[in-house]
Amino acid sequence: MSTAAVELVGLSKSFGDVTAVDGVDLTIRDGEFFSMLGPSGSGKTTVLRMIAGFEQPTSGSVHLAGQDVTGRPPFARDVNTVFQDYALFPHMDVLANVEYGLRVKKVPRPERRERAMAALDSVQLGDLAARRPTQLSGGQRQRVALARALVNRPRVLLLDEPLGALDLKLRRAMQLELKQIQREVGITFVFVTHDQEEALTMSDRIAVFRDGRIEQVATPADLYESPTSPFVAGFVGTSNLLDGGAAQTVVGRPGMFSIRPEKIHLGDDVRDGDATAPGVVQDVVYLGSVNHYLVELDAGPTLTVLRQNLRGTTDEAMALRGQRVTVGWAPEHVIELGPHQQLEKEES
Amino acid sequence: MTFSPATRVLLRAFTGLVLLFVYAPLALVVLNSFNTSRTFEWPPPGFTTRWWSAAVESDGARNAIVVSLEVAVMATVIALVLGTMAALALQRFRFFGRDTVSLLIILPIALPGVVTGIALANAFLTMFGIQLGMLTLVVSHATFCIVTVFNNAIARLRRLGGNLEEASMDLGAGTFRTFWSITLPMMRSALLAGALLSFALSFDEIIVTTFTAGQGIQTLPIWIYQNLFRPNQAPVVNVVAAALIVLSVIPIWVSQKLAGTDESVAAAR
Ligand SMILES: Nc1ncnc2c1ncn2[C@@H]1O[C@H](COP(=O)(O)OP(=O)(O)OP(=O)(O)O)[C@@H](O)[C@H]1O
Ligand SMILES: [Mg+2]
């Protein structure tokens with residue numbers, strides 16, 4: 001393994017009584033697209049700001065490319081940030097904004113121009129170089145912010161919910177574009193988001209934050225398929241928790257388990273070899289290409305079951321409401337979340 | 001908001017009345033500067049430009065204007081530097097007693113001029129042993145000029161937040177470079193507005209000036225005050241007043257223009 005791009009050791013930060021970040025240990029590899037996922041207030045931004053140097057940790061240290069940079073100011077660190085509200089300089093035009101970092105580093109004018117224009121072209125904004133930030137749309141501002149950071153060719157790029165202000169369609173498009181840019185430039189991206197779908201689609205690895213700590217670090221597939229805690233199972237996807245007596249009855253042993261909605265078969269779909277449980281369909285939620293069935297098991301808990309609308313009419317699907325059904329799943333799709341963990345209700 | 005027709009007529013009449021009340025006397029001053037009568041007879045028996053040429057040739061008036069301009073410019077420059085620094089310090093750093101310091105900076109504008117004047121004169125003469133003169137006058141004016149600059153600067157800083165500065169540092173700019181390239185340009189219109197107000201305050205200040213200017217120095221307001229009731233000088237004073245009315249339009253116009261740029265700053269946030 002090459003040297004880590006970012007290494008956080010026992011990183012903590014308190015604001016007065018509030019502990020925003022509480023003992024975070026994390027290694028982010030070189031060239032990785034790394035996401036920090038977590039509910040609001042879980043400390044993602046604070047960690048990012050400590051990597052950038054805007055915030056001094058209360059304890060612990062930040063290492064960039066093997067060097068301890070904990071005490072260094074932001075301008076002496078080889079990282080750049082894309083801010084959530086973009087923070088473009090309103091008194092400069094787009095080109096001057098993008099050139100700023102190079103001008104500060106005294107890059108000669110012709111080279112500066114060339115690199116800035118190339119950066120703008122790479123985000124398809126070459127034509128708007130002379131505009132002021134106020135004359136741009138949200139998506140365009142977002143691209144300028146990206147170009148302004150990337151033109152410096154930092155070792156690490158920090159992005160704090162950069163797509164938060166965009167509408168869904170533009171967001172999807174930018175997700176793909178960001179991922180593509182990251183592959184091309186090969187810079188390490190540290191991406192903060194509270195959108196689990198976004199994190200799953202874009203990242204090489206994801207750290208799930210909760211109350212200033214990291215719950216789990218894993219690849220998207222591992223995070224989804226083998227979450228190690230009820231919190232992660234609930235935050236990444238819909239979890240369908242079974243614990244206590246229900247676990248004993250349905251799964252056959254004590255502990256805490258989760259089954260993903262798309263892994264559960266309903267009625268006729270139940271296969272040979274499936275573990276089964278009887279229940280009543282409480283509700284059917286029509287979502288276009290798929291339906292969600294809320295099935296209350298006789299054993300207690302309600303499971304969400306996802307079924308694609310491959311056949312049958314919507315009316316037929318809706319008619320299941322109130323019916324007794326059998327649900328089933330392959331035993332290997334039962335995720336064990338650890339035997340004695342206490343489930344806590346978490347609002348995001 | 002919508003008004004009934006009757007209310008609307010009433011509001012218009014009232015607005016007209018207020019404007020008339022404010023501007024009729026000013027118009028009279030301008031008109032009287034061309035009045036042939038030395039005692040401002042009404043209606044004017046005839047019109048002349050005699051007083052205007054007399055005013056231009058009056059050494060007293062000319063000197064007084066120069067002194068006033070010098071004092072106002074110097075006090076404003078001091079206020080700009082100190083007021084901006086104070087605003088930056090109070091906005092950026094949290095420290096014990098920050099609100100008290102902020103209040104202390106603003107206080108001079110609320111204190112009666114007589115009090116400030118006596119206090120400053122005493123301090124200069126007894127504590128520091130400085131003769132009253134240009135220096136003491138400028139310093140005294142700066143005490144209340146700082147307030148206007150400080151207020152404008154801190155309001156702008158509050159609205160900007162620290163985000164742009166963080167972006168600048170993130171891109172490799174040090175503290176000084178960030179101040180020069182980002183903070184200062186973003187504050188420019190606020191500082192200009194503060195400076196204009198500060199200049200205007202200093203230019204027509206009379207009470208503090210009376211206590212701290214000493215013998216030899218005559219600012220324009222003091223010169224006007226001393227000459228207003230001399231029959232020979234009254235028309236010349238009137239001319240100076242008329243000229244000042246015309247000149248005051250300039251800063252008002254400039255600050256209106258600045259209000260426009262302020263909006264573009266606000267829109268960018
Ligand atoms: N400057 C500050 N002063 C005091 N408390 C702060 C400060 N910055 C953050 N906090 C607190 O620290 C905690 C973590 O905040 P942080 O901004 O890191 O959360 P986040 O995970 O980025 O949330 P979000 O998804 O809403 O952006 C919160 O409880 C927040 O109120
Ligand atoms: Mg945040």
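The values are calculated or read from the model by the stated rules, or taken from the named source; none is laboratory data. Predicted model only: the values in this text are computed from it and were never measured. Cβ: placed from backbone, ideal geometry, glycine included. Neighbour counts: every protein chain shown.
Check A:Val69, A:Val123, A:Val82 and return the single one that is within 16 Å of ligand 2 (Cβ to nearest atom), assigned by TED's automatic domain parsing to the domain that holds A:Lys179, touching a helix residue (DSSP H, G or I) at 6+ places or on another chain (Cβ under 9 Å) and modelled with pLDDT under 95.
Details: A:Val69 fails: within 16 Å of ligand 2 (Cβ to nearest atom); A:Val123 fails: within 16 Å of ligand 2 (Cβ to nearest atom).
Only one candidate qualifies: A:Val82.
Is at least one residue of the range A:107-121 over 29 Å from B:Thr175 (Cβ atoms) and outside any helix (DSSP H, G or I)?
No, there is no match, as no residue in the range A:107-121 is over 29 Å from B:Thr175 (Cβ atoms) and outside any helix (DSSP H, G or I).
Report the residue count in the range A:1-40 for those that are crowded, with 16+ Cβ neighbours inside 10 Å, assigned to a loop (DSSP other than H, G, I, E, B) and within 16 Å of ligand 2 (Cβ to nearest atom).
Counting residues in the range A:1-40 that are crowded, with 16+ Cβ neighbours inside 10 Å, assigned to a loop (DSSP other than H, G, I, E, B) and within 16 Å of ligand 2 (Cβ to nearest atom) gives 2.
Just one of the numbered conditions (1) crowded, with 20+ Cβ neighbours inside 10 Å; (2) within 27 Å of A:Asp222 (Cβ to Cβ); (3) β-branched (Val, Ile, Thr) is not true of A:Val290; which one?
Looking at each condition in turn, A:Val290 falls short on (1).
Only one of (1) within 12 Å of chain B (Cβ to nearest Cβ); (2) among the aliphatic types (A, V, I, L, M); (3) in contact with a Leu (Cβ under 9 Å, 6 or more places away or on another chain); (4) surrounded by fewer than 23 Cβ atoms within 10 Å (Cβ to Cβ) fails for A:Leu95. Which number is that?
(1)
Going by what's in this entry, would A:Glu198 be described as outside any helix (DSSP H, G or I) and touching a strand residue (DSSP E or B) at 6+ places or on another chain (Cβ under 9 Å)?
no
Only one residue in A:Gly139, A:Gly164 is more than 14 Å from chain B (Cβ to nearest Cβ), within 16 Å of ligand 2 (Cβ to nearest atom) and closer than 19 Å to A:Val82 by Cβ. Which one?
Among A:Gly139, A:Gly164, only A:Gly164 is more than 14 Å from chain B (Cβ to nearest Cβ), within 16 Å of ligand 2 (Cβ to nearest atom) and closer than 19 Å to A:Val82 by Cβ.
Being crowded, with 17+ Cβ neighbours inside 10 Å and farther than 28 Å from B:Thr39 by Cα, is that true of even one residue in the range B:219-231? Don't jump to the end; show me each part of the working.
At the first step, the residues of the range B:219-231 found to be crowded, with 17+ Cβ neighbours inside 10 Å are B:219-224, B:227.
Next, only the ones that are farther than 28 Å from B:Thr39 by Cα stay: none.
No, there is no match, as no residue in the range B:219-231 is crowded, with 17+ Cβ neighbours inside 10 Å and farther than 28 Å from B:Thr39 by Cα.
Looking only at the range A:100-120, how many residues end up being at the interface with chain B (Cβ under 10 Å from one of its Cβ atoms) and either within 16 Å of ligand 2 (Cβ to nearest atom) or buried (at least 21 other Cβ atoms within 10 Å of the Cβ) (or both)?
Final tally of qualifying residues: 3.
Can you pull out every residue in the range B:252-269 that is within 14 Å of the chain's Cα centre (by Cα) and either within 17 Å of B:Val66 (Cα to Cα) or at pLDDT below 75 (or both)?
Once the filter is applied, which keeps residues that are within 14 Å of the chain's Cα centre (by Cα) and either within 17 Å of B:Val66 (Cα to Cα) or at pLDDT below 75 (or both), the range B:252-269 yields B:Ile252, B:Ser255.
Any chance the range A:207-228 includes a residue that's closer than 21 Å to A:Thr81 by Cα, in a helix (DSSP H, G or I) and either of a type in the set (A, V, I, L, M, F, W, C) or away from ligand 2 (no atom under 16 Å from the Cβ) (or both)?
Within the range A:207-228 (the criterion being closer than 21 Å to A:Thr81 by Cα, in a helix (DSSP H, G or I) and either of a type in the set (A, V, I, L, M, F, W, C) or away from ligand 2 (no atom under 16 Å from the Cβ) (or both)), the answer is no, since none of the residues qualifies.
Out of all the residues in the range A:185-200, is one or more surrounded by fewer than 18 Cβ atoms within 10 Å (Cβ to Cβ), within 14 Å of chain B (Cβ to nearest Cβ), under 29 Å from A:Val104 (Cβ atoms) and away from ligand 1 (no atom under 16 Å from the Cβ)? Spell out the reasoning first.
Initially, the range A:185-200 is screened for residues surrounded by fewer than 18 Cβ atoms within 10 Å (Cβ to Cβ), giving A:185-186, A:195, A:197.
Subsequent filtering for residues that are within 14 Å of chain B (Cβ to nearest Cβ) retains none.
Looking for residues that are surrounded by fewer than 18 Cβ atoms within 10 Å (Cβ to Cβ), within 14 Å of chain B (Cβ to nearest Cβ), under 29 Å from A:Val104 (Cβ atoms) and away from ligand 1 (no atom under 16 Å from the Cβ), one finds none in the range A:185-200, hence no.
What number goes with the only condition from (1) away from ligand 1 (no atom under 15 Å from the Cβ); (2) out of contact with any Gly (no Cβ under 9 Å at 6 or more places or on another chain); (3) at positive phi that A:Gly16 does not pass?
Result: A:Gly16 passes all but (1).
List the residue pairs whose Cβ atoms are under 7 Å apart, where the first residue sits in the range A:49-60 and is in the same structural domain as A:Glu161 (by TED's automatic domain parsing), the second is among the β-branched types (Val, Ile, Thr) and crowded, with 20+ Cβ neighbours inside 10 Å, and the two are 6 or more positions apart or on different chains.
A:Met50/A:Val62; A:Ile51/A:Val6; A:Ile51/A:Val62; A:Ile51/A:Val79; A:Ile51/A:Val190; A:Ala52/A:Val79; A:Ala52/A:Thr81; A:Glu55/A:Thr46
Residue by residue through the range B:145-177, note down the ones that are facing chain A (nearest Cβ under 10 Å) and part of a helix (DSSP H, G or I). Walk me through how you get there before you give the answer.
Of all residues in the range B:145-177, those facing chain A (nearest Cβ under 10 Å) come to B:160-175, B:177.
Listed by number, the residues that qualify are B:Leu160, B:Asn163, B:Leu164, B:Glu165, B:Glu166, B:Ala167, B:Ser168, B:Met169, B:Asp170, B:Thr175, B:Arg177.
Mind checking which helices (runs of 4 or more DSSP H) fall wholly inside the range B:8-120 and carry at least 1 residues that are within 14 Å of B:Val236 (Cα to Cα)? Talk me through it step by step, then tell me what you get.
Numbers: elements: B:50-57, B:59-92, B:98-106.
So the answer is B:50-57, B:59-92.
Please work out if A:Asp85 is within 16 Å of ligand 1 (Cβ to nearest atom), touching a residue at least 12 places away in the same chain (Cβ under 8 Å) and closer than 20 Å to A:Val208 by Cβ.
Working: within 16 Å of ligand 1 (Cβ to nearest atom): yes; touching a residue at least 12 places away in the same chain (Cβ under 8 Å): yes; closer than 20 Å to A:Val208 by Cβ: no.
Against the criterion (within 16 Å of ligand 1 (Cβ to nearest atom), touching a residue at least 12 places away in the same chain (Cβ under 8 Å) and closer than 20 Å to A:Val208 by Cβ), A:Asp85 does not qualify.
Among the residues of the range A:25-47, write down those that are more than 8 Å from ligand 1 (Cβ to nearest atom) and closer than 16 Å to A:Val69 by Cα.
A:Asp25, A:Leu26, A:Thr27, A:Ile28
How many residues, within the range A:51-62, are within 13 Å of chain B (Cβ to nearest Cβ) and among the aliphatic types (A, V, I, L, M)? Spell out the reasoning first.
Initial filter on the range A:51-62 (within 13 Å of chain B (Cβ to nearest Cβ)): A:51-55.
The next check asks that each one be among the aliphatic types (A, V, I, L, M); those that pass are A:51-52.
Result for the range A:51-62: 2.
For the range A:48-71, indicate whether the set of residues that are within 21 Å of A:Leu200 (Cβ to Cβ), in contact with a Ser or Thr (Cβ under 8 Å, 6 or more places away or on another chain), within 16 Å of ligand 1 (Cβ to nearest atom) and not in a strand (DSSP E or B) is non-empty. Break it down into steps so the answer makes sense when it comes.
Let us first name the residues in the range A:48-71 that are within 21 Å of A:Leu200 (Cβ to Cβ), namely A:48.
Next, only the ones that are in contact with a Ser or Thr (Cβ under 8 Å, 6 or more places away or on another chain) stay: A:48.
Among the residues that remain, those that are also within 16 Å of ligand 1 (Cβ to nearest atom) are: A:48.
After this cut, where a residue has to be not in a strand (DSSP E or B) as well, the list is A:48.
Yes, the range A:48-71 contains a residue that is within 21 Å of A:Leu200 (Cβ to Cβ), in contact with a Ser or Thr (Cβ under 8 Å, 6 or more places away or on another chain), within 16 Å of ligand 1 (Cβ to nearest atom) and not in a strand (DSSP E or B).
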